[in-house]
Structure formats: C-alpha cells, structure tokens
There are 2 protein chains.
Amino acid sequence: MDVLLLPPILGGIGLLAAFILYRIVKGYSSGEGAVAEIAASIHDGAMVFMRREYTILGAFAGLITILLFIGFDTWHTPAAFVAGAVCSAFAGYIGMYAATQANVRTTVAANTEGAASALSVAFYGGSIMGLTVAAMGLLGLGSLYYLFGAEHAEAIHGFGMGASTVALFSRVGGGIFTKSADVGADLVGKIEAGIPEDDPRNPGVIADNVGDNVGDVAGMGSDIFESYCGSMIATIAIGATLSAATVATLSSDGRESLMFAPLALASTGMICSILGILLVRMFSSKKPDVALRMGTIGSTILFIGAAGLLLNSIGVSSAVWLCVMCGAVGGIVIGLVTEYYTGGRPVELIAEGGETGPATVMIAGLATGMESVVIPVLTIAGIIFATSALLPEGAGVYGVGIAAVGMLSTVGITMAIDAYGPVADNAGGIAEMAGLGEETRAITDGLDEVGNTTAAIGKGFAIGAAGLAALAIIAAYIETVSHHVEGFILDISDPLVLTGMFLGGIFPFLVSAMTMRAVGDAAFDMIKEIRRQFKEIPGLMEGTAKPDSGRCVDIATQAALRKMVAPGVLAIASPVVVGFLIGPAALGGMLAGAVVSCVLLALMMANAGGAWDNAKKYVEKGNLGGKGSDTHAAVVVGDTVGDPFKDTSGPAMNILINVMAIVSLVIAPLLG
Amino acid sequence: MDVLLLPPILGGIGLLAAFILYRIVKGYSSGEGAVAEIAASIHDGAMVFMRREYTILGAFAGLITILLFIGFDTWHTPAAFVAGAVCSAFAGYIGMYAATQANVRTTVAANTEGAASALSVAFYGGSIMGLTVAAMGLLGLGSLYYLFGAEHAEAIHGFGMGASTVALFSRVGGGIFTKSADVGADLVGKIEAGIPEDDPRNPGVIADNVGDNVGDVAGMGSDIFESYCGSMIATIAIGATLSAATVATLSSDGRESLMFAPLALASTGMICSILGILLVRMFSSKKPDVALRMGTIGSTILFIGAAGLLLNSIGVSSAVWLCVMCGAVGGIVIGLVTEYYTGGRPVELIAEGGETGPATVMIAGLATGMESVVIPVLTIAGIIFATSALLPEGAGVYGVGIAAVGMLSTVGITMAIDAYGPVADNAGGIAEMAGLGEETRAITDGLDEVGNTTAAIGKGFAIGAAGLAALAIIAAYIETVSHHVEGFILDISDPLVLTGMFLGGIFPFLVSAMTMRAVGDAAFDMIKEIRRQFKEIPGLMEGTAKPDSGRCVDIATQAALRKMVAPGVLAIASPVVVGFLIGPAALGGMLAGAVVSCVLLALMMANAGGAWDNAKKYVEKGNLGGKGSDTHAAVVVGDTVGDPFKDTSGPAMNILINVMAIVSLVIAPLLG
C-alpha cells in the first residue's frame, strides 16, 4: 500500500472513533421537561447562529475562490482553498453539534448517576470535537497531498488559507457572540437585579450558554484546526525548498520523507490521542483534573516515543526527532505556566487587591497578564534557538516547523480536554436553570472548575502553537519568495522591512480594539434589552412569567455577524495590499512585526482574563468576604473586563497572525 | 571661528536664557504663611528624593564607568559616559528646582495678579526645564564632538549611554514615586474619607505634589534629553559609516557636513525654541491653549525654514531637508492624534461607559488605547518609508536619523510646554491646600486643564521621538557591527535573529509588569499609612490637627528607590548578556523586537491613561451625573488604573528601548 494513503486513512479512523463516541453520548438520557426544553433552546440557538454565520462565510469564501481563480493559472489553489474552508467548517459544526448534545446529558448524568458518569459524558462530548478536528485535518490535507503530488505542492497552501479564513470568522464571530451575551447577562442579572448566574429568569442566560458553544467549542475548534494544518503545510513547504545538501544530512530516504514527516507525525499523534482518550476513561473514577492530566501527559509521552520509531522507519535523522520533542515539551511548559498564572498565587494576589477596590484588581490583573508572557515567549525563543542548534546550518526553520507539528500532533486529546470545559459549563448552566438540586450543582461545579483551568491551559497552548505555526509559515513564505525573486533577503536594516515591521505591529492592537468595542457595544444593546424585559414583562422577576430569550440570542447573533466582517477583511486584505503595493520585503517585515506583537498580546490578554476569572471564583468560594462583599464586587469588575480579553480579542490574535501569514504564503509566487 | 564651536556656544546661550527666565520667575512673590509653608514642603520633599536617587544612581554609574574602563582600551568612552550622565542629571535637577520655585509663584500670581500673569510664571517655570534640556545636550554633545574629533567618534556613544542610564532610573523611580502617592492618596482620600483632591487633611497630598515634580518634570526631562542626544549620536554614527558614493550624492562638502548636520539642526532648533517662548509670551493674554499652540507651531515653522537655509549653507542636499520636515511634521501629527484620543469623542465614550459601571469604562479605555496606536505607528512607518524614498539607495537610515533629529530639535519649546503641566497642577494643589478662594482655584484649574492636554501631547511626542531615535540607534548598531564583522546581515529568516526578536518583545511587557506592581505595592503601603493617620491622629479629619506628610513622602521615596533598580539593571544588562552569549545577530533581532513592542505598548498605555484621566474630568465637570454619581465612581476607577499606565509604565518604555539600543551601540565594537 502507498504510505501516502495512511494520513487520510487515519483521518477516516479518527472520524469513526468520533462517531462511536457520539453514539455513546447519545446513549445517555437527554432528560425531560424543563431540562430538555432548556437544552433544546441552547442547541437551536447555536445551530441558528452557525447556519447564519456559515451563510455569510460561504459568500465570502466564494468571493475569495473567484479571486484565486483569477490570480492563479491552475485550479489547484482555489480548489484547495475550498477544501480547507469546508473541512474547517465541518469540524466546527460537528464538534458543536456534539457539544450541544453532550451538555444536557452531562447534567442528567450528574443528577442521576453521579460524578464519574458526568465526567465521562462531558469528556466524550469534548473528545468528539478533538477527534473531528484532527481527523478532518488528516483527511483533507492528506488527500490533497496524495492527489496533488510534488507538481502542485504549492497549491496545498490554499488549504491552509481556507481553514484560516473560516477560523478567523468563527473565532471573531463566536467570540463577540459569547462575550456580549455573557457581559450583558452578568451586568444586569448579577449586579442590577441581584439574581445568581444562570438564573432562568434572566433573559440573557440562554444566549450566554449558546455563546459558550459557538465561541469556546466551534471557534476554538477552527482556531486549532488552522494551526494544526498551517504547521503541517509550512513544514511541507520548507521541506520542499531545503537544499540538496541539507536534505542529505537530515534524511537517508531523500526529500520526500522530510516533506511527508509532518503528515506522518500527525497521523501518529491521532493514534496517541485516541489512546489518551481511553486513558482518561480508565481514570474517570479519580478526580477530574487527575484523569484529564493523565490523558494529556500520557498521550504526549506515547507520542514522543512513537515519533522516534516512526521517523527512524522513514529514514529521518534523530535530530528531527529532538525537534519534535522540543515542540511537545514546549507545549506542556506553556500549559503549566498558564496554569500557574491563571490558578496559582497571582490569582490570590488579584483577589486580595479587591480589598482596596476594582482599580487595584485591574492593575494587578494587567500586571499579571504582562508578566505571564515572559516564560511562554522564552519557551518559543528557546524552541527556535534549540531547533536551529540541533539541525545543520540552513535547516533551522525546518526544525521550527517540525516543533510546531510536534506540539500540535496530539491535538485530538488537547482539544478534547479544552472542549470539555464549555460542555461542563453548559451542564452547570442547565442544572441551575432547571432548578436541579444542590448535589447535582456540586458535581457540575466541580467539573466546571476543572474546565476553567483546562480552558486556560488550552488557550496558552493554542497561542504557543499558533505562534510556532505562524513562524513556520513565515519561513515558508520567505523561502517561496526567494525561489521567485533572485537574492531576496529580509534584512532588518532595509527601510522597507522596517516599515513593514511597524505596520505589522499595528494589526493586533487594531483588531483587539475592534473586537473589544464590538463586545462593549453588543453588551450595551443586550443590557438595554434585558432591562426592558425585566421592566415590561410582568411576573418575570417573580418567576411566574418566562423571559423572551430568543430576542437576546438574536441581538448577540446580529452583533457577531455584523462586527466580524471588518477584522476579517482587514486580516485577509492587508497582506495582499502590502505585498503588491510595497513589495515582498515590506510584507515579510510586516509578518515579523505582527507575529511578535500577536503572540505577546494574545498571551497577555488570555492570561489576564483567566486570572481575573479565577480571582472572582476564589472570592466566590468564600475567601476575603465571599459573595456579596465589596471585594466580590471588585473582582466581578475584573472578570467582566477579562471576558472579552480572554474569549474574544485574545483568541483572535492566534488566527490573525496565521491568516496574514498563510495569505502571504499563497500569494508569494505572484509577488515575483 | 570654527563652526564646530557653534553647538556648545548655543548651548551656553540656552543656559543663559534659562537663567534669565529663572531670575524673572524668582522676581514674582512666593507668598507667605500656609502657601509658602506648603510650597516649602513640596520643594524639600522633591529635593530630598532627588539627592537620594542621585546617590544610588551615582554608585551605579560609577560601577558602569569602571566596567567601561575595563572593556575599552581608551578612556574616551567611559569619560563620555560620565559626561552624559552628569549632563542628564544636571538638566533634571535644574528643571525640577525651577519647577518647584515656579509652582507657588503661579499660585500667588493667580491669587493676586490674574490669569495672564499666572500663565506666564507657570510657562517660564516649564521653559527653564525645556531650555536646560536642550542646552545641556548641545553643550555636552557639542563639546565632545569638538574635542574627540573623527578619531574617537565611536566614543561619543558613551554620552548617550550615560544620558539613557540616568533617564531610565529617573523615569522609573520618578514614575513609581508619583503614582504610588497619587493612587494611594486618591483611594483613601477621595473614595474612603470622601474629601476632595488636594485636601490638606490628606497625609498623602504633599507626596502626590512632590511626585508631579520628580516624575513629570525631572523624569520627563531626562527622558527627552536621552532621545534628543540619542538621535544626534545615531545620526552622526550613521553619517560616519555611509559609503563615499552615497556621501557624494548627499553633500557637496563631504562627510563632515553630514556628520555635523544633526548638531547644526539642533542648534538651529535652540534658537527657534527661544523665539517660540517669546511667541507664547506675546500671546499670553489669549487663552492658555492658544498661546501654547502658537509657540509650538510657530517655532516648528520657523525651524523648518531655518533648517533649509542652514543645510543649504553647509552644502547638504535638499533631500535631507525634506527628511527634517518629515520628522518635524510627523511629531505634530502624533501630537494631534494624541490630543484627539485623550480629549475628543473617545473620552466621552469612555465616560458614557461609566453609566454601566467600571467594567465598561475599563473595556472602552483599553480599546481606545489600543486603537490609538494605529495612526502614530503608521506615521512612524510613513517616515521610515518616505525618508528611504527621498534619499538615494543605501542612505535610507540616515534619513530616519535626520527625521528623529528634526522631530526633536525644537525640544526647548515642546519640553517647556510639557513641563508647564505639572507646574500648573502643583499651583492648583497649593491653592487648594492653602484654602485660597474660588477665583484663584478657577484660574489654576484652567491652567491645569490645558496642562493635562499638553502633557498627553508631550507624551505622544516623546514616544514617537524615542521610537525614531531608537530606530536610528539600532541602524547605527547594525552599521557599527558590520564594520567589525564581515558580511553581517540581520536576516529575519536567520533563527538567531528570530530568537532575538521574541526575546526583545518580552522586555516591554516584563518592565511594565514590574513597574505596575511596584506602584500597586507602594500604593498599598501608602493606603495603610494614610488610614493609620486618619485613625490615630486625633482631630485630623476635623482639620484641627496636621497630618504627618513626611511619612508618606518617605514611603514613596523608599518604594521608588527600591523598585527602580531591577528594571534598570535588566535593561542595561540584557543587551550585554545576549550580545556576548548569543551574538550580535540575536542582539540585533532583540532590538528590533523590542522597538516594535515598546512603541506599541507605550502609545497604548499613555493614551489609555490620558483618556481615562480626562473621562474622569469630563464627569467632574458635571456631565453624566457629575461628582458623587455612580458614573463618577466608575470613571475614577479608570483614572486610577490609568495613572501607572500613563505616568509609570508607559513612559518607561521610551527609555527602555533607547537604553537597550544605546548599550548595544556602545558594545558593538567589542562584539566582533
């Protein structure tokens, strides 16, 4: 059998595994009465949003496809673009569909069967997402690689561009949706009306729960999908441009094995992820955080071992294996640092700042976010340095690509654990809204708490992975341009490169500002609507009348769809404009400026947001006066500011840089 | 007469003009009774802090001098370092001394003579600072250039390093002092005790007013001084390394005129600044903002005209003159954008956000800060692009240096207007503390309001200038290394350069976090002390007993001196460590990453802080419920967070990048 068929076959196996998990989840009871009704509202709201989002996305993708047809002589690049967009959209859709089935079943399991069962359902729900993301990547990219062959290798870049385009809109749209609903519901519900989170009387609560799915499941899935594919595509591209001498030192089987290595590693990672999911199942009677950690670390160790055997079998030097290890270990280091900053001593310090009011909470949180960038960025710098030291001169950037692939190969399990968070969060929301007992709430709260930490870790990991993937894509861009432009060098002392670097630094700040404002504006509309309902619907506050949740879902949907367009167009158009108007050197500088600025801002926002969130939870557990105290009011302010930081603007950064990089890579052959 | 003697002579003239202004200021009455007593406390507090700060600084500078003696074969570099440090310290000291004489005289003039007199005194107080900064630069650097000649031209870099070292400590130390006092006094005074700002019963108020002088006058003076000298030094260095062919296209009088051009331009700027100060005097009966604007714009126009004649007379091409114009106009553009974001519609939007609580104020302010980077950074990118297009190939970076010099040449007047702000602020504080009448307060409030806007503009200008100066220094670093290392190129696709870029991106975030935390911690100590005094000193709240202001000044002093060391050592040591351990390519990458990251963060923090400050003032004027409303409480939170942003961490960024760049330039010859 042709070894090139293995990635798509493993993609098929991954999809099958996801389907089996889906059947298992469906086997659990979905409850009845209020529980089922609430779950249906969340599911329907999410599906309506996805359909409307994909309609806009489809039109936009269609336009780009036409432009690509005009720009390129062959049909390969536009076809790859469509394939990437479809695979990404499919992965996001399936993942979210499954998550909105798993949430209510987790609630029911917590209510009737206990903690272990609830953990299993929630985790399976997340795992469907994780496996689908990895499977679609292998299936789509693996098939294209098999079909296009060496002749149209550059056209594969289109797949990454398709994936990134969908990811950008999903992440930004989903992020705006989820946080406008969350902030709006919290500000009126908790602060003005004085009712608890997820109270069924609050008209914004359904929208908030829908948001968890469209933002944290579908958005996150597309985000990781594009990093996953981007890192492979970039490594293949760099492999294709290595000099013959370098190839000889890295592989006894020639260039093909170096180009195939990323797909082979990801295929191995898929198997290890499935084994990791089984590990979590084995340990499901332990505490949730122990079980989940066993899964991640177990599958990473398995993967590192298997990768060594695999690379050896396809004749690739053990130096490349060390690069894989750099990436895999680096991912864990970044995750652990994130865990510290969003769960350790810094969180307590932020909460203690609350004793002197919201201003000190803000200052402490921002300082924590800023400080938290240090070790992750040192890790990224260390990976670049180490891989370049491990590989022979001239092959350094291949090592960066391989490290990115190494970090992302076990995406099946890391995404599973990440997507578990919003499922558990939703399960708690449903339990609260349906008025289930204390005991059920205690179980779902326990699951949710772990989910918050895993979500923060997942975000740190996603940023690190996206940063490395972007670096690899940028390196591939430089190589590609060099092939078309004689003597092309990105010299920092070249004023054009410098101009580009400053231009690139702007985008992350501008897109963050746009998305934060979008959340602020939409939340404001949401607040007005919730206030109106409390005023105009008689009996709502007393619980005798029902809120009009649909209106709130609609407001969030409208805002998300309207405001996601500008950042998306900006990200996609800017490399084209700069590349054609000022030239490939300025574009290269722009990517360099953007990647540094994006990674820093993304880490700062994600970790500050996570730390504020957990500082609030720390106080709500009864520390420093507990709920209702002035300290609590102060940390709630921190959490509210952290919401768009960690779930809208921060995550948008990962994709922003990858979109800019991949669009540049796609147009690179035209910039000659 | 030797034309090279002109800069030091003009420096002498500038000092003389400053001395004349000082005599004029001293001619005004310094009041008596409570007014004089309060002013004396502020003056003494500031002087004690400066002495203690300079003691630590002296020890530190001594250590560096010894290291430079060991590292370099000649005594020229360490001698230049000492000269730079002494000139910077002298400029800061004189400026602050004068400001603490002018503040009380402004109060008395407002009380007895009216608005026009008060404006004159406050502005003269600031002008002494502005002229001293420019004069010390011309005197110090001009003398060294004359004495060292072409043979030891590289040793002049030591002057910049001395200036930057002093600036870093002054800015960081002063910034921590001023904001820990401000935040501490505000949080207890305004929020807990419910007494107005600058109320004499508040034990932290004297410290707050001392802080304005050590932070906004002395710190700002050293900051601009180092950009001013840095831009000239870098341009001289670039001029020295231009190829003979490039020199021929740029100057009919040879290389010497290109190297001398920055000093000549700055000398011209000194004359124009003195004329600008006279312009403000002429218009002092107009509204303060009109008078100040006439001075800035008038002297810029004069300067652009004079620069054209000057460059023509020393045989320099008119293309270089266009570069001067790019810089001068760019500075005004950045100032105007800053004015918009810290005074226009965005400020009202932030205040309106206060209607839904402090969280929305925070989100809107952060979004404003992020958005505000766009046009200034586009301006910087535009200047780089335009100057490289104006000059022949290979001379592009010379144009960037000249643009920086062009922006900074009229520093005498821009600094005068900037330092006017804290003098007016202090004048208001003294009036309030001494219980002077409504009318006096109205005049000082009017002056203060204009001062807030000019301070914000000054900050934007300082960041733009520092960014350009840093770029020029980095370019000079690359040129210098190229002279010592064959075939040296800063190629972005070189993994070492990339490693450096990420490393460089870290520093701004780390230093911001350190300084924000320092303010937070010191403010916390301050709050505890103020609370203690309110509790333990009988009759304090009733106004029958006096607070122990000295304790508060001491707390701020201790905190500032203790916490300024780590960021300073980090900034100075990191280029040395990276340069010698990983090499000049990684160091070059680090500077590139740091400059982009510093400029972005500095603009964001300065403008967000300025916008929050003015949103608070907007509400305090009676809008949206005015003082005492919930909206007011919300915008006060924004202002408190903005304080360390705009006056501690943000300004530290300018110097951080310049210190890193100039240290790199100094050690460049040793990295071969």
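Add -39500 (n - 2.57) for each DSSP H run of 4 or more in chain B, then divide by its residues: what number comes out at 222 nm, to the nearest 500 deg cm²/dmol? Mind dumping the intermediate values first?
Values: 23 runs with 545 residues, N = 672.
It comes out at -28500 deg cm²/dmol, rounded to the nearest 500.
Using only C-alpha atoms and all pairs of different ones, pull out the Kirkwood radius for the range B:520-660 in Å with one decimal.
Details: mean 1/r = 0.0545 Å⁻¹.
In the range B:520-660 this quantity evaluates to 18.3 Å.
With +1 on the Cβ of every Lys and Arg and -1 on the Cβ of every Asp and Glu, and nothing else charged, how large is the dipole of the range B:3-671 about its Cα centre, in debye rounded to the nearest 20? Present the calculation step by step, with values, prior to reporting the outcome.
On the way: 31 positive and 53 negative charges, 116 e Å.
Charge dipole of the range B:3-671: 560 debye, to the nearest 20.
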Subject >> Longest site-free stretch - chain A; sites: GluC sites (Glu not before Pro), DSSP loop, at most 12 other Cβ within 10 Å >> reply: A:33-392
Subject >> Label-point separation in nm, B:V485 to B:E536, each point 7 Å along Cα→Cβ >> reply: 5.8 nm
Subject >> Counted charge near B:G446, where neighbours are those whose Cβ lies closer than 10 Å (Asp, Glu -1; Lys, Arg +1) >> reply: -2
**OP:** Report the convex hull volume per residue for the range B:287-338, counting only C-alpha atoms, in Å³.
**Re:** 53 Å³
**OP:** Take every Cα-Cα distance within the range B:123-230, group them into 10 Å bins from 0 onward, and report for each bin the whole-number percent of pairs it holds.
**Re:** 14, 32, 25, 16, 8, 4, 0
Original post:
Taking the Cα atoms of the protein assembly as shown alone, what are Rg (to one decimal) and Dmax (as a whole number) in Å?
Top reply: 31.0, 99
**OP:** Provide the descending list of Cα extents for the range B:435-505 along its principal axes, expressed in whole angstroms.
**Re:** 71, 24, 17
Original post:
In nm, what does the list of distances from A:E393 to its counterparts in the other copies look like, shortest first, when each label sits 7 Å along Cα to Cβ?
Top reply: 2.7
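Taking 25 Å as R0, compute the FRET efficiency from the Cβ-Cβ separation of B:A59 and B:L581 and round it to 0.05.
Working: r = 26 Å, r/R0 = 1.05.
Once the sixth-power term is evaluated, E becomes 0.45.
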Original post:
Just how far, in whole angstrom, is the range A:387-445 from the range A:609-640 if you go by their alpha carbon centroids?
Top reply: 25 Å
**OP:** Set the Förster distance to 25 Å, then compute FRET efficiency between B:A573 and B:D44 from the Cβ-Cβ distance, nearest 0.05.
**Re:** 0.15
Original post:
Pairing the Cα long axis of helix A:495-536 with the longest principal axis of chain A, what angle in degrees results, from 0 to 90 and rounded to the nearest 10?
Top reply: 20 degrees
**OP:** Determine one quarter of the surface area of the Cα convex hull of the range A:158-295, which equals its mean projected area, and express it in nm² to one decimal.
**Re:** 12.3 nm²
Subject >> Distance between the range B:114-162 and the range B:21-100 - C-alpha centres, whole angstrom >> reply: 14 Å
Subject >> C-alpha long axis of helix A:157-186 to longest principal axis of chain A, angle in ° >> reply: 20 degrees
**OP:** Before anything else, pin down the relative contact order of the range A:410-534: Cα pairs under 8 Å, at least 6 apart, normalised by residue count, whole percent.
**Re:** 19 percent
Subject >> Segment A:E393-A:K286, length gained on full extension (0.36 nm per residue, minus Cα span) >> reply: 33.7 nm
Original post:
Is the shape of the range A:1-115 best called rounded, prolate or oblate, per the rule: a/c under 1.5 gives rounded, else a/b larger than b/c gives prolate, else oblate, with a ≥ b ≥ c the square roots of the Cα gyration tensor eigenvalues?
Top reply: oblate
Subject >> Positive dipole terminus of the protein assembly as shown, leading residue within B:I473, A:L510, A:A556 (C-beta point charges) >> reply: B:I473
Original post:
For label points placed 7 Å from Cα toward Cβ, what is the shortest-first list of nm distances from B:A545 to its copies?
Top reply: 5.8
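For the range A:39-189, rounded, prolate or oblate, judged on the Cα gyration tensor with a ≥ b ≥ c (square roots of eigenvalues), a/c < 1.5 rounded, else prolate if a/b > b/c?
It comes out oblate by the Cα gyration axes.
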**OP:** Would you work out which of B:A364, B:S251, B:A523 lies farthest towards the positive end of the dipole of the protein assembly as shown, given +1 charges on the beta-carbon of Lys and Arg and -1 on that of Asp and Glu, about the Cα centre?
**Re:** B:S251
**OP:** Taking chain A as the reference, fit the longest principal axis to its C-alpha atoms, fit the long axis of helix A:584-620 to the helix C-alpha atoms, and give the angle between the two in degrees, 0 to 90, nearest 10.
**Re:** 30 degrees
Original post:
Looking at B:A455, B:L581, B:S117, which one has the Cα that reaches farthest to the positive end of the dipole of the protein assembly as shown (charges on Cβ: Lys, Arg +1; Asp, Glu -1)?
Top reply: B:L581
**OP:** Rounded to whole Å, how close does chain A get to the rotation axis onto B by Cβ? Give me the residue too, please?
**Re:** A:P358, 2
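Set the Förster distance to 30 Å, then compute FRET efficiency between B:W75 and B:L309 from the Cβ-Cβ distance, nearest 0.05. Don't skip to the end; give the middle numbers.
Numbers: r = 39 Å, r/R0 = 1.29.
Here the calculated transfer efficiency is 0.20.
About the Cα centre, and with charges only on the beta carbon of Lys, Arg (+1) and Asp, Glu (-1), how big is the dipole of the range A:382-474? Nearest 20 debye, please.
Numbers: 2 positive and 9 negative charges, 100 e Å.
My answer is approximately 480 debye.
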**OP:** With only alpha-carbon atoms counted, please give the Rg and Dmax of the range B:271-408, in Å.
**Re:** 19.0, 62
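Take every Cα-Cα pair in the range A:72-151 and report what % of them are more than 16 Å apart.
Working: 1898 of 3160 pairs.
The calculated P(r) of the range A:72-151 puts 60 percent of pairs beyond 16 Å.
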Original post:
Over all directions, what mean area does the Cα convex hull of the range B:402-481 project, stated in square nanometres?
Top reply: 6.2 nm²
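What do you get when you divide the Cα radius of gyration of the range A:352-461 by 2.2 N^0.38 Å, with N the number of residues? Walk me through the numbers on the way to the answer.
Values: Rg = 20.3 Å, N = 110, 2.2 N^0.38 = 13.1 Å.
Its radius of gyration relative to the 2.2 N^0.38 Å reference: 1.55.
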Original post:
Seen from all sides and averaged, what is the projected area of the convex hull of the Cα atoms in the range B:608-672, in nm²?
Top reply: 4.8 nm²
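With +1 assigned to the C-beta of every Lys and Arg and -1 to the C-beta of every Asp and Glu, and no other charges, what is the dipole magnitude of the range A:162-210 about the Cα centre in debye, to the nearest 20?
Value, rounded to 20: 240 debye.
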**OP:** Pop out the Kirkwood hydrodynamic radius of the range B:3-671 from its pairwise C-alpha distances, inverse of mean 1/r, in Å to one decimal.
**Re:** 24.4 Å
Original post:
In this model, which of B:K287/B:K617; B:K190/B:K621; A:K616/B:K190; B:K179/B:K563; A:K616/A:K646 are farther than 22 Å apart at the alpha-carbon?
Top reply: A:K616/B:K190
**OP:** Taking a label point 7 Å out from Cα toward Cβ, give me the nm distances from A:I56 to the same spot in the other copies, shortest first, one decimal.
**Re:** 5.2
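Quick note: the coordinates plus some simple rules give every number you see, no bench work behind them. No experiment lies behind these values; they were computed from the predicted model shown. Note: ideal-geometry Cβ built from the backbone for every residue, glycine included; neighbour counts use all protein chains shown.
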